[in-house]
1. Hey, got the dipole for the range A:548-722? About the Cα centre, +1 on K and R Cβ, -1 on D and E Cβ, debye to the nearest 20?
2. Can you compute the helix-only [θ] at 222 nm over chain A? Use -39500 (n - 2.57) per DSSP H run of at least 4 residues, normalise by all residues, nearest 500 deg cm²/dmol.
3. Provide the FRET efficiency to the nearest 0.05 for the A:LEU291-A:LYS192 pair, computing r from the beta carbons and using R0 = 22 Å.
4. Considering only C-alpha atoms, what is the centroid distance from the range A:578-633 to the range A:426-477, in Å?
5. Which far-off residues, 5 or more places away or on another chain, put their amide H under 5 Å from the one on A:THR524, with H placed in the peptide plane?
6. Can you give the three extents of the C-alpha atoms in chain A along their principal axes, from longest to shortest, in whole Å?
7. What are the lysines whose alpha-carbon lies under 26 Å from the alpha-carbon of A:LYS837, with same-chain residues fewer than 8 places away excluded?
8. Please give the Cα centre distance for the range A:279-341 versus the range A:13-80, rounded to the nearest Å.
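The values are calculated or read from the model by the stated rules, or taken from the named source; none is laboratory data. Here the structure is a predicted model, which means the values were calculated and not measured. Cβ placement follows ideal geometry from the backbone for every residue including glycine, while neighbour counts extend to all protein chains displayed. Ligands, DNA and RNA are stripped out before the accessible areas are found, and what is left, the full protein with its side chains, is counted by its heavy atoms. Shrake-Rupley method; radii C 1.70, N 1.55, O 1.52, S 1.80 Å.
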Amino acid sequence: MNETSTKYNPQKTENKWYQYWLDNKFFKSTPDKRKPYTIVIPPPNVTGVLHMGHIMNNTIQDILIRRARMQGKNACWVPGTDHASIATEAKVVNKLAEEGIDKNSISRDEFMNHAWDWTDKHGGIILEQLKKIGASCDWDRTKFTLDNDLYESVIKVFIDLFNKGLIYRGVRMVNWDSKAKTAVSDEEVEYKDEQSKLYYVKYKIVDSNDYITIATTRPETILGDSAVCVHPKDERYFKFHGKKAIIPLIDREVPIITDDYIDIEFGTGALKVTPAHDENDYKLGEKHNLLSFNIFNDDGTMSKDAILYENKDRFEVRKLIITDLEKAGNIVKIEDYTNRVGYSQRTQVPIEPKLSMQWFLKMEELVKPAIEHVNNNDINFSPKRFVNTYNHWMENIRDWNISRQLWWGHRIPAYYLPNSNEFVIAENIEKALILAIEKTGNKNLKIEDLKQDEDVLDTWFSSWLWPISVFDGIRYPENEDIKYYYPTNVLATGHDIIFFWVARMIIAGYEFRKELPFKDVYFTGMVRDEQRRKMSKQLGNSPDPLKLTDKFGADGVRFGMMLCSPAGGDLLYNESLPEQGRNFSNKIWNAFRLTQSWEVDKTIEQPEHAKVALDWFNEKFNEQITSLNGLYDTFKLSEALMLVYKLFRDEFSSWLLEIVKPDYQKPTDAKTYNQVKAYFDKLLRILHPFMPFITEEIWQQLEERKDGESIMISKMPVSQSYNTKMINTFDLAKDIITQIRNIRKEKNISYKNKLNLLYKDANNSYDKSFETVILRLSGIDKISETKEKVDGASHFVVKKTEFFVPLGDLIDKDDEIKKLTEELKYATGFLNSVMKKLGNERFVNNAPAQVIEKENIKKADAEAKIKALGEQIKTLKQ
RNA sequence: GAGCCUUUAGCUCAGUUGGUUUAGAGCACUUGCUUGACAGGCAAGGGGUCGGCGGUUCAAAUCCGCCAAGGCUCACCA
């Protein structure tokens, strides 16, 4: 009669329900009287595509937001994308290069047109992909960091910070990315250990035949040397104090200076000093007033100032100069050496320390409230340990280089006066002109005379405002949205961007709204493969998430991702995870098919076994809801899912449904049917945040639903008190059933052969509440009391009650004795461990009374069991 | 070099302020059952001296110290 497929088919339902949710505007949120629950998405790169990390991260957010919505809160999940200046610009530059267009040959405006074309073409694909996994974002609120309102917010913030004296411009040693041709922040540099060489090179001493030997890993920078430095106390070099050395190949005379920065033990104890291309050398240069030779061009080739090898790449030059130095007789030796080389996080080329003019944000004062409010738990990190990492960075914070030599981004609102380094800061050129006239007193200045700074701001300089700017709280601090939705409730993001983003959002929150940006931060781990390798395109170990959803269903994939992603821990992905999710979908589906197949006969009474089982399930359900809420509160989402999984699969399907399902081709009573349906409904609701599609599909079929009804706006079951005693009693019944099943298995007795069960209850502790359940699930005909031991019966003890299953000839005495002896051995061992405690005088004198009481109960139970087992063995042996 | 974290069954992890059976779950594995919801399901089973050593305590997977292995973050040794 039921033609529903035995397998759940996600393809048939997922798009349908997503569209239904959209059509009914269930994701939409506007301020009202309810409590808000707000999440802002960590904006993915606008031209990015969905990867496994996004699935995990956004599934977490969707779970939290769907639950909040069902709890009656006004849930608002704001989606959006990030312009990702350096990454996107690199993609556009590459694309232009493929078309034979050099970025340097076109104007800024032309480039921006290309970049916008690219963005329009590829942008937002990732948001469409998020819909496939069920993300319930309020799409009407979708933001992009280069939208006008967000752009203006960034500029406004820049001006504000400048006027507070926190932004300055200056020449500093910065991390130069010679591929993207821009400076990057300290955080954007990744250090890698690298096998390289340590070159020992001798420099001739002026007016002498003597040489001084230095050691360097970067011989190409010899051309930029302006001194040789030794430790003032290094006796080997006393003779060179005050002398000059000659740079090989270019014959430049440089002073030999002394400074206790030098490590006497390292290399030869003599250091070549290249102030323009090394942070420490730069400091030495400033201290000792050395010349600075900038020997590199912006693209990493040698500049005119290098004198030799002009326009050749720095790494090619490294080889060339070694050959030339060898020819000139200056190489003393070359050793293998492991050192750390900084790479640009975005372009993966080695970073070149370089002196350049940049804009910086002073951080020292800004971080103070951000440190305070994380450490006093106003903002709560899950897991807690990330507070350490956070503190370490915040307490050693350095000024933030916020300028980038790129075009794709928010252009720095500094306008230079004609032929001058003097500038004014203003939100647009018209206002800049007014300020410029004020500043110079020159009323003839025109807009054309002003020149805007060419640089754009670091991408993170816009992202750090995200929780505020998506609600337009920078431009309009008193608007209804920002007042209602801010602070947001929870941020779910990877711990790899704790400094880039999380810390800076907290700083911005306190600076611009005097308030935290979010109450909780849930740090996710990385998605890795089974060998703990990061997912990457090169390794080819990253599955295509959309293919996975095709294969296993979005619910299956979500289930797989969540089942073992502990907060902050890495997820070791393999395909068995979504497979388990798909299998569970089938399980739910088939439980539904089962209930659908029941025919209801309104004339029959509810049988006793169904009544007590449903009573028990009510208590069990409430107990589990209470635990579930606790897990949510502590962000233990994997455990929360596991709890729901077990509740559905074990308690509901394997126990409850097995008990209440009618006999083959028999009808069921109306009361049982309705109660089961009601619990099914409740279970679907608690499952919904994890598996939104299948729960909607079944929920819609479970009852007649009106158009516009949906599980996603139904009420989440709330925690209620529950009867622990009933739950425990049922557990004892489960024990008895398991024991009988074991006997059947051992003796190979089919369920078709009915058995009898007798119990001997000397302590009056046997609870009969679930007898009808025992009868039903263990194929027992009759349960009766006995005062005496029963011959020819299999025997077991649950709690303090002895049970006998008469088996007649099937009993093998030796087997039975062996089994009981094993049990006796365990019980005796257990009793011994209890007695050891109770026999310890100091334990009895010092331990709390309730602990001792528990031990006494254990002792009594064990003794009763041992006595019963012993007697039974004795009987058998007669 | 500094700091932080981790170490519990084959794998991934729980284990709440030390005391609810001489340690738990999921997956994997083994066995049995299954023509009446479930290309699977059900039932059961095996598997751990809680990284090592020492200490505190009546009581330690849990607290402290040392050691070992692994990981993360930060840092200017050419």
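1. 80 debye
2. It lands at -13500 deg cm²/dmol.
3. So the FRET efficiency works out to roughly 0.10.
4. Their Cα centres are 62 Å away from one another.
5. The answer is A:THR493, A:GLY494, A:HIS495, A:GLY568.
6. Sorted from largest, the Cα extents of chain A read 116, 68, 54 Å.
7. A:LYS799, A:LYS800, A:LYS825, A:LYS854, A:LYS858, A:LYS859, A:LYS865, A:LYS867
8. 53 Å
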